[in-house]
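To start, the structure itself, in structure tokens.
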Amino acid sequence: MNYDRPELLDRLAAEYVFGMMSARVRRRFETIARALPAAQHAVAAWERRLTPLARSVPPAQPSAAAWDVIDRRTGGRPAPRVAPASASLSRLKPVLGMALGAIAMLGLVRLYPTAVVPVDEIVQQRGTLPESYVGLLTDAANNPVVLASSTRHGRTLSIKILRKVDVPVGKILQLWALPKEGAAFPLGVLPSEGKASFRMADTSEKILSSVPRLAVSVEDAPAGAGAAPAPYLLSGNCVKLW
């Protein structure tokens with residue numbers, strides 16, 4: 001296999017970072033990466049692309065059982081349980097929580113690859129994800145509910161409902177963009193379950209480049225330009241995946 005081909009290394013690095021390789025293939029790629037700087041750079045590039053997605057998942061509070069598993073997996077000896085007021089434990093738990101959040105986000109990407117980025121000619125030709133805007137919206141209990149994505153210069157916003165939303169009869173789910181400056185503006189109407197897509201007024205680069213967050217509200221009818229949203233039912237970060 002010719003590992004000097006950039007497109008091949010990019011595909012392998014993506015599969016490595018997303019955790020899609022078998023144990024045998026993963027070990028082989030790690031051996032290659034240790035001897036090939038280009039492979040190391042490809043892996044680092046994919047890790048940089050995915051770092052913003054970790055921030056889209058709220059930190060998770062690990063259970064007592066999780067700490068026991070970590071002790072066993074790392075070869076540590078079970079230690080007396082430290083009170084939550086302990087300064088060292090208080091510093092460590094948020095770090096682990098963010099790590100668990102990142103793992104959860106990567107799991108969603110792996111489980112719903114066509115929701116994160118639509119399967120189009122770019123994916124088919126390159127075998128990797130194109131530059132995209134991705135939003136993960138959660139409910140009040142921090143459960144992931146909606147994945148929204150669009151290729152960087154595309155006009156189609158793809159939606160995947162990860163958890164069915166109960167919508168009152170006669171109401172609709174309205175997706176809103178929350179820009180850094182200015183009022184929220186409507187993007188489109190979401191289904192209560194399954195998949196959907198709709199065409200935006202302009203490219204993602206024009207519409208979403210200054211939108212750090214997305215939100216969903218329950219409305220009587222699709223919102224028009226200048227409309228004010230009802231209280232948000234779901235919300236989450238919108239990040240660049242490149």
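Per residue, the convex hull around the alpha carbon atoms of region 144-200 comes to 103 Å³.
Calculate, for GLU193 and VAL25, the FRET efficiency according to 1/(1 + (r/R0)^6) with r their C-beta to C-beta distance and R0 41 Å; round to the nearest 0.05. Kindly include the intermediate steps, with their values, before the conclusion.
On the way: r = 35 Å, r/R0 = 0.86.
Step by step, r from the Cβ atoms, then E = 0.70.
When the convex hull of the C-alpha atoms of region 136-242 is computed, what volume per residue in Å³ does it have? Present the calculation step by step, with values, prior to reporting the outcome.
Working: hull volume 10.7 nm³, N = 107.
It comes to 100 Å³ per residue, whole-number rounded.
Would you mind getting me the FRET efficiency between ARG163 and ALA227? Use the beta-carbon distance for r and R0 = 35 Å, nearest 0.05. Walk me through the intermediate numbers first.
Details: r = 26 Å, r/R0 = 0.74.
E(calc), rounded to 0.05, equals 0.85.
Partners of LYS164 within straight-line reach, counting aspartates and glutamates whose Cα lies under 16 Å from its Cα and excluding those fewer than 8 residues away in the same chain: ASP139, GLU193. Computed from the C-beta positions of ALA65 and ALA44 and an R0 of 35 Å, the FRET efficiency is 0.55 to the nearest 0.05.
The lysines within cross-link reach of LYS206, meaning a Cα-to-Cα straight distance under 16 Å and a gap of 8 or more places when in the same chain, are LYS180, LYS240.
Since every read-out is calculated from the coordinates, none of them should be taken as a lab result. All of these numbers come straight from a predicted model, not from anything done at the bench. Note that we place each Cβ from the backbone using ideal geometry, even for glycine, and neighbour counts take in every protein chain shown.
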